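Working notes, structure below.
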Amino acid sequence: MGKKKAKQTSLWVETTQLQAHTQHPFYSRVNEILEKAQFDRYAERICRKYYAARMGRPSIAPGTYFRCFFIGYFEGIDSERGIAYRVSDSLGLREFLGLSLEERTPDHSTLSKTRRLMNLGTHQAVFRWVLKRLAAEGLLSGKNLGVDATTLEANAALRSIVRRDDGHSYDEHVAQLMKAEGVEEPTPEQRQRFDRKRKKSLSNRDWVNPHDPEARITKMKDGRTHLAYKAEQVVDLDTGAVVALGIQPGDQGDTESMRETLSAAGNEITTMAGTAARETAVGPCAGVSETGVERVVGDKGYHSRDSVRALAEVGVQTMVSEPERGRQHWRGQAAERQAVYANRRRLKSPVGKELLRRRGEYLERAGAHLYDRGGMRRVHLRGKQNIAKRALVHAAAFNLSLILRIVLGAGTPRRAADQRAAACFWFLWLVEAERRDHQLLTCRIRSRQSLSLLQSDVELNPALSTRC
């Protein structure tokens with residue numbers, strides 16, 4: 001057994017002593033796609049207004065900034081601190097960011113300051129740039145769109161909420177109610193018993209969090225009540241690409257938030273309408289639909305008379321699941337009645353059933369990749385603008401993974417590692433199977449040789465046949 005000894009760190013290290021192959025196979029493929037389309041030149045061009053005339057302390061390049069948030073999606077890291085730590089701990093990610101061994105990796109404060117410096121339009125431009133890459137690769141159709149929303153847990157606590165009218169905290173509000181009933185100085189135990197018995201109502205009209213005023217009290221998917229935001233994405237039902245993504249208040253209804261999100265998706269498709277895919281495209285689509293958006297698919301939360309009628313007026317066919325509302329009255333609403341009945345007929349058609357099946361496949365898959373596996377179910381930022389910036393780059397990385405799934409066979413580094421492990425397993429299994437087959441063949445050959453020798457002995461000495 002040996003003992004740990006103090007080591008003197010050398011001042012100089014030869015490059016031959018460092019790891020020879022620092023490139024990650026997955027991230028090197030991502031860099032090939034970005035460099036082929038000149039992503040860094042485009043990012044620097046749209047960020048020209050942020051460069052100062054008099055240079056101070058140099059910051060990170062725009063391409064490096066956006067690549068850091070790409071890593072956040074690919075690695076499933078939720079916070080900027082986690083991204084900074086992961087980048088500083090990996091030589092492969094340092095190579096992906098284009099940093100030499102002498103350069104420092106971006107700190108979390110640098111990422112935060114750069115994000116606050118860049119406006120939302122710059123992040124939308126990067127998202128739009130990735131959409132154009134999908135159109136060139138035949139992975140964007142724009143003909144059939146699906147819309148869905150989910151809740152994101154905000155970086156704020158319910159116990160920190162205050163009244164909008166007087167600024168009192170929740171405990172102070174309960175103490176005032178008890179004082180009105182004759183209890184002057186209640187103890188914490190008395191406040192808890194009193195609050196447990198009374199009918200509670202946490203309304204967003206009365207309560208607000210001073211640290212994140214834009215967060216809303218919302219019932220989460222798992223039944224918990226928390227301060228949250230609402231993320232709504234529009235997905236191409238032919239390829240699974242995210243066409244638009246918006247961050248809304250957590251208490252806003254689906255029929256209200258869908259107008260802004262679908263409008264943004266329609267503008268994106270209209271801008272790229274008629275764009276043909278290149279000859280060597282990897283996707284199944286020949287190009288973006290020339291007629292723009294034709295159908296919109298949604299769940300029961302998006303069904304209302306006004307929403308269905310508004311989409312029908314702009315020439316979009318709706319296939320939105322209709323909830324059970326019983327007998328309805330249509331006096332003075334002939335246009336709404338016609339739109340709702342047409343939507344009901346389309347749901348029963350073969351095309352409607354097929355699109356509803358795709359909605360369950362592509363929309364749920366996009367939500368799981370973006371928020372659950374991608375690390376955005378709980379946000380570590382405050383304010384709708386900040387969360388929208390991170391979410392847009394997150395969705396851009398998801399769209400890049402669609403190309404990687406076809407080219408590389410995996411959309412994340414973990415999936416690529418699993419495929420390599422599976423390939424090694426199957427190689428070892430084939431080697432073992434070949435070895436077993438060789439042993440079995442050898443046994444069969446030996447048995448046949450023994451049988452032939454026995455037959456020759458019987459022919460020479462017939463008396464052996466009775467013994468055998």
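Worth pointing out:
- A simple spin-label model places the labels of Arg365 and Ala157 4.1 nm from each other, with each point 7 Å out along Cα-to-Cβ.
- A simple spin-label model places pseudo-atoms 7 Å from Cα toward Cβ; at Gln176 and Glu279 they are separated by 7.4 nm.
- Per-residue SASA entry for Asp78, accessible area with 1.4 Å probe, Å² rounded to 10: 60 Å²
- Overall, the anisotropy analysis places region 170-273 in the prolate class: the square-rooted eigenvalues a ≥ b ≥ c of its C-alpha gyration tensor yield a/c not less than 1.5, with a/b exceeding b/c.
- Of Ser90, Ser201, the order by accessible heavy-atom surface (1.4 Å probe, DNA, RNA and ligands excluded), from most exposed downward, is Ser201, Ser90.
- The largest accessible area among Arg378, Arg337, Arg345 belongs to the first residue in Arg345, Arg337, Arg378, and the rest follow in falling order (1.4 Å probe, all chains).
- Only alpha carbons enter this Debye calculation for region 201-251, each as an equal point scatterer, and the log10 of I(q)/I(0) it gives at q = 0.30 Å⁻¹ is -1.11.
- Where GluC sites (Glu not before Pro) fall in DSSP loop in region 112-210, at most 15 other Cβ within 10 Å: Glu181, Glu184
- Among the listed pairs Lys179/Lys199; Lys230/Lys389; Lys36/Lys389; Lys179/Lys200, those beyond 19 Å (Cα-Cα): Lys36/Lys389
- With each label modelled as a point 7 angstrom along the Cα→C-beta vector, the Trp129-Lys200 pair spans 4.7 nm.
- Compactness of region 110-207, taken as the C-alpha radius of gyration over 2.2 N^0.38 Å, stands at 1.93.
- For region 282-294, Karplus couplings with θ = phi - 60° (6.51, -1.76, 1.60), whole Hz, Gly/Pro x: 8, x, x, 8, 6, x, 6, 4, 6, 8, x, 6, 10
- Eligible aspartates and glutamates near Lys384 by straight Cα distance, threshold 19 Å, same-chain separation 8 or greater: Asp78, Glu80, Asp148, Glu153, Asp212, Glu214, Glu232, Asp251, Asp254, Glu256, Glu260
- If only the Cβ of Lys and Arg carry +1 and only the Cβ of Asp and Glu carry -1, the dipole of region 130-203 around its Cα centre is close to 360 debye.
- Cα gyration tensor shape of region 30-84, rounded if a/c is under 1.5, else prolate or oblate by comparing a/b with b/c: oblate
- Taking all protein chains together, Arg278, Arg295, Arg57, Arg67 sort by accessible area into Arg57, Arg278, Arg295, Arg67, largest first [probe 1.4 Å].
- Computed from the C-alpha gyration tensor, the three semi-axes of the ellipsoid equivalent to region 294-376 are 27, 14, 12 Å, from longest to shortest.
- For Trp330, the accessible surface of its heavy atoms amounts to roughly 40 Å² (probe 1.4 Å, protein chains only, rounded to the nearest 10).
- Measuring with a 1.4 angstrom probe and ignoring ligands and nucleic acids, Thr122 comes out at about 10 Å² accessible.
- Legend: translational diffusion of region 69-158 by Stokes-Einstein, Rh = Kirkwood radius over C-alpha pairs, 25 °C, 0.890 mPa s; D = 152 µm²/s.
The values are calculated or read from the model by the stated rules, or taken from the named source; none is laboratory data. In this text, all values refer to a predicted model and were calculated from it rather than measured experimentally. Cβ coordinates were reconstructed from backbone atoms using ideal geometry, including for glycine residues, and neighbour counts include every protein chain displayed. The area values use the complete protein model at the heavy-atom level, side chains included, leaving out ligands, DNA and RNA. Shrake-Rupley method; radii C 1.70, N 1.55, O 1.52, S 1.80 Å.
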